[in-house]
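Remarks on the structure that follows.
The values are calculated or read from the model by the stated rules, or taken from the named source; none is laboratory data. These numbers come from a predicted model, not from an experiment. Don't worry about glycine lacking a Cβ; one is built from the backbone with ideal geometry, like all the others, and counts go over all protein chains shown.
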Amino acid sequence: MKNSISWMRVVVLFFIVLGLMEFFIDSGDKPAVIAYPMTQLFLVLVLLLLIGIELILQAVENVMFQTLSPEAKERYLATKSESKGWKWGSKTYQKLLGSKPIEAEEEIILDHNYDGIRELDNKLPPWWVYMFYATIIFGVIYLVRFHILNDYNQDLEYEQEVAAARIEIEEYKKNAKDLVDINTVELFTETADITAGKTIFESNCVACHMADGGGGIGPNLTDDYWILGGGIKNVFNTISEGGRDGKGMVAWKQILKPVEMAQVASYILTEINGTTPANLKAAEGELWLDPETEGQEVIEQAKDSVTVASPTATETVQ
């Protein structure tokens, strides 16, 4: 028993050191023992040190034991054999088990006899009975809360979880812009993103499109005519994959990060498109109408135009 307790002390101390190391070392999402391989060597040294200390203590105890008189050795062994902690644990275990000791089995033995095998009328273990009572209490509380007081149901819980997940997704997108692609790209409007897009444009795009976007070798970016389509998704895709085969601009996906392409596309659409450059190049491509606003614009135009009919003429009033 003494030796088992000693080695248990080694294990407990080792895990305490491990826990303290994980608490004080900032290793991000990974455990410190994985993020920093040197910590593995440290733990091995700690374990060897604890084992060495335990062996030394046992050796010292053994040497001192050999110097005792026979009577003192007997008293010492008797003291060691009495483990208050383990006695308490044993008593607690017996209480939770709820079984009768072998000496008292005659009190609960039944008359059934199967080839010499007798049956004992043991009670259910107290831990099992207490758990059963706990389930009854839980069931009553659950019944009152959800079926009588009509607390939240599964549908409401699902909607709440979905709403919380959407908020987390939006927050994740803000902090993980490098994951943007043609399907998830959105127009950036924050000042930091627009400023970053301007810097990228001035470093890579002015040679072909001019600083004001009026167009040079490349097309004019200030009007609503686009060769490969307008809008954030089309502009992002054009920057990423390049222009027309053989005569368009190169694909920038090997040079710029996804977030950088989204930033420069947002800068073009928010700061350049719709302005009046100094030297305007002729429009190229087709007029781009945003599918989300095209129907609304047609309705507004219809409201602004009124047709008046007369027996002799038809007049349109704007």
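At a glance:
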{"quantity": "Residues located in segment 20-77, provided they are hydroxyl-bearing (Ser, Thr, Tyr) and loosely packed, with under 11 Cβ neighbours inside 10 Å", "calculated": "THR67, SER69"}
{"quantity": "Residue check, ALA278 surrounded by 10 or more Cβ atoms within 10 Å (Cβ to Cβ), in a loop (DSSP other than H, G, I, E, B), at pLDDT 50 or above and assigned by TED's automatic domain parsing to the domain that holds ALA196", "calculated": "no"}
{"quantity": "So ILE217, is it closer than 20 Å to PRO277 by Cα, assigned to a helix (DSSP H, G or I) and over 24 Å from the mean Cα position of the chain (by Cα)", "calculated": "no"}
{"quantity": "Residue within segment 176-193 that is surrounded by 10 or more Cβ atoms within 10 Å (Cβ to Cβ), modelled with pLDDT of 90 or more and assigned to a helix (DSSP H, G or I) present", "calculated": "yes"}
{"quantity": "Count of segment 194-214 residues which are assigned to a helix (DSSP H, G or I), touching a helix residue (DSSP H, G or I) at 6+ places or on another chain (Cβ under 6 Å) and closer than 25 Å to LEU289 by Cβ", "calculated": "3"}
{"quantity": "Residue in segment 146-161 that is surrounded by 12 or more Cβ atoms within 10 Å (Cβ to Cβ), of a type in the set (A, V, I, L, M, F, W, C) and within 15 Å of LEU256 (Cβ to Cβ) present", "calculated": "no"}
{"quantity": "Index of the failed condition, GLU170 passing every other in (1) within 18 Å of GLY230 (Cβ to Cβ); (2) not assigned by TED's automatic domain parsing to the domain that holds TRP252", "calculated": "(1)"}
{"quantity": "Leading residue by the ranking (modelled with the lowest pLDDT) among those in segment 39-93 that are in a helix (DSSP H, G or I) and of a type in the set (Ser, Thr, Tyr)", "calculated": "SER81"}
